[in-house]
Amino acid sequence: MKNTKEMRKWLDDMNLDHPLVIAGPCSAETEEQVLKIAHELKDTDVNYFRAGIWKPRTRPGMFEGVGALGLKWLQKVKEETGMKTTTEVANAAHVKLALEHDVDMLWIGARSTVSPFIMQEIADALEGTDKPVLVKNPVNPDLSLWLGGIERIYNSGVKNIGAIHRGFSTYEKTKYRNIPEWQLAVDFQDKYPDIPLINDPSHITGKREMIFDVSQTALDLNFDGLMIETHFDPEKAWSDARQQVTPDTLKQIMRDLKIRKEGSDAADYNAKLNTLRAQIDVIDNSIVETMGKRMNISDAIGALKKEKNIAVLQSSRWNEILGKMILQGEEKGLSEEFVLKMFKAIHQESINHQERILKS
Ligand code: PEP
Ligand code: MN
């Protein structure tokens with residue numbers, strides 16, 4: 001993608017003094033529900049009113065959205081509140097209908113971004129539109145697939161583009177509904193710093209209690225905006241009830257979030273920052289050095305096991321190490337989740353080293 005700078009023009013032209021805010025219910029349920037929420041969000045920081053019309057559900061038989069009928073309700077939202085509107089499109093027919101009903105911005109859901117066929121179909125249908133199009137990350141943590149989706153939209157002549165980080169599926173249960181894998185979002189920004197990046201803490205957390213923290217992390221990482229599911233009676237929502245917040249909670253969240261500046265030319269700030277970054281570089285180097293040493297010892301153990309014909313994996317020994325390290329990590333303020341992840345990665349690398357030796 002040659003000119004990613006032009007992709008953010010739609011956002012820059014809004015001249016916001018706060019991050020972009022997209023809010024509204026997971027699903028449009030009834031005309032009354034849509035309008036009631038919209039009126040409660042009017043005169044807040046909300047820039048775009050969201051509501052899902054076509055809902056991708058994991059299993060059939062659940063509420064699958066009100067369909068095209070909801071597009072009329074979004075038009076009413078615009079007429080009555082002046083808020084811009086956005087909805088998810090998942091095929092060419094959706095795109096056609098949404099554009100015909102003058103929805104102001106379209107987003108592509110995580111289950112669509114995974115499929116290059118669907119992305120191409122949507123891209124073709126969007127050809128030349130000047131409405132902003134936001135592409136959610138695919139459900140699996142694959143940066144190229146995400147970028148590939150954005151590229152398809154860009155190649156069909158759409159110039160106003162953004163990305164939504166909504167987290168990634170895991171088989172293992174975690175405290176998140178979709179783990180954020182922040183590193184992937186940071187890599188995204190490194191590669192394309194100009195593409196507006198919006199965080200969706202609702203689908204990352206799956207729980208309203210965690211939305212504030214995830215939003216704050218996103219702003220600390222220089223995200224350009226937030227998409228937060230909002231409903232006047234979250235518990236009774238027809239989809240994603242656990243993660244929606246009330247308009248009042250949303251307003252509170254917006255008040256409490258600290259918006260940090262991207263940089264400051266204050267010499268003092270830069271000097272301190274450089275010093276701290278240099279210290280981090282030194283430590284990162286020594287982490288890699290230490291890992292190298294650890295693997296050398298693993299190799300020596302591998303050679304010993306080979307001699308005696310002993311299996312690589314000895315789970316009692318491994319559990320003992322893990323238990324000790326979790327306790328020690330706790331003392332240093334490291335979460336159990338992090339220590340587990342780190343040692344699983346180290347252990348896997350050790351096993352790979354020893355396998356290589358045993359097979360040699
Ligand atoms: C949504 O925004 O309501 C939605 C279905 O999101 P995702 O595609 O991230 O699952
Ligand atoms: Mn939802």
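The table that follows gives values for the structure above.
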{"item": "Residues that are crowded, with 18+ Cβ neighbours inside 10 Å and over 21 Å from the mean Cα position of the chain (by Cα), drawn from region 111-121", "result": "GLU121"}
{"item": "Residues of region 284-295 satisfying the condition of being loosely packed, with under 11 Cβ neighbours inside 10 Å and in contact with a His (Cβ under 9 Å, 6 or more places away or on another chain)", "result": "none"}
{"item": "Only one of THR217, THR249, THR230 that is in contact with a Gly (Cβ under 8 Å, 6 or more places away or on another chain), in the same structural domain as ASN15 (by TED's automatic domain parsing) and among the hydroxyl-bearing types (Ser, Thr, Tyr)", "result": "THR230"}
{"item": "Residue check, LEU250 surrounded by 10 or more Cβ atoms within 10 Å (Cβ to Cβ), assigned to a helix (DSSP H, G or I) and within 16 Å of ligand 1 (Cβ to nearest atom)", "result": "yes"}
{"item": "Residue tally, condition in contact (Cβ under 8 Å) with a residue 12 or more places away in the chain, within 11 Å of ligand 1 (Cβ to nearest atom) and either out of contact with any Pro (no Cβ under 9 Å at 6 or more places or on another chain) or not assigned by TED's automatic domain parsing to the domain that holds THR86 (or both), over region 45-64", "result": "5"}
{"item": "Region 311-341, residues that are surrounded by 14 or more Cβ atoms within 10 Å (Cβ to Cβ) and not β-branched (Val, Ile, Thr)", "result": "TRP318, LEU322, MET325, GLY329, LEU334, LEU340"}
{"item": "Residue in region 103-118 that is among the charged types (D, E, K, R) and more than 16 Å from ligand 2 (Cβ to nearest atom) present", "result": "yes"}
{"item": "Tally, over region 287-312, of residues that are closer than 16 Å to SER360 by Cβ and among the aliphatic types (A, V, I, L, M)", "result": "7"}
{"item": "Condition check for LYS251: away from ligand 2 (no atom under 12 Å from the Cβ) and within 18 Å of the chain's Cα centre (by Cα)", "result": "no"}
{"item": "Residue that is farthest from ligand 1 (Cβ to nearest atom), among those in region 19-44 that are assigned to a loop (DSSP other than H, G, I, E, B) and modelled with pLDDT of 95 or more", "result": "LYS42"}
{"item": "Leading residue by the ranking (surrounded by the most Cβ atoms within 10 Å (Cβ to Cβ)) among those in region 85-110 that are assigned to a helix (DSSP H, G or I) and in contact with a strand residue (DSSP E or B) (Cβ under 9 Å, 6 or more places away or on another chain)", "result": "ALA98"}
{"item": "Any hit, region 327-336, residues being modelled with pLDDT under 90 and in contact with a helix residue (DSSP H, G or I) (Cβ under 8 Å, 6 or more places away or on another chain)", "result": "no"}
{"item": "When residues of region 115-146 are limited to those that are β-branched (Val, Ile, Thr) and more than 10 Å from ligand 1 (Cβ to nearest atom), the one farthest from TYR171 (Cα to Cα)", "result": "THR129"}
{"item": "Some residue of region 58-74 being closer than 15 Å to THR230 by Cα and hydroxyl-bearing (Ser, Thr, Tyr)", "result": "no"}
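The values are calculated or read from the model by the stated rules, or taken from the named source; none is laboratory data. In this text, all values refer to a predicted model and were calculated from it rather than measured experimentally. Quick reminder, even Gly has a Cβ in these numbers, built from the backbone with ideal geometry, and neighbours come from all protein chains shown.
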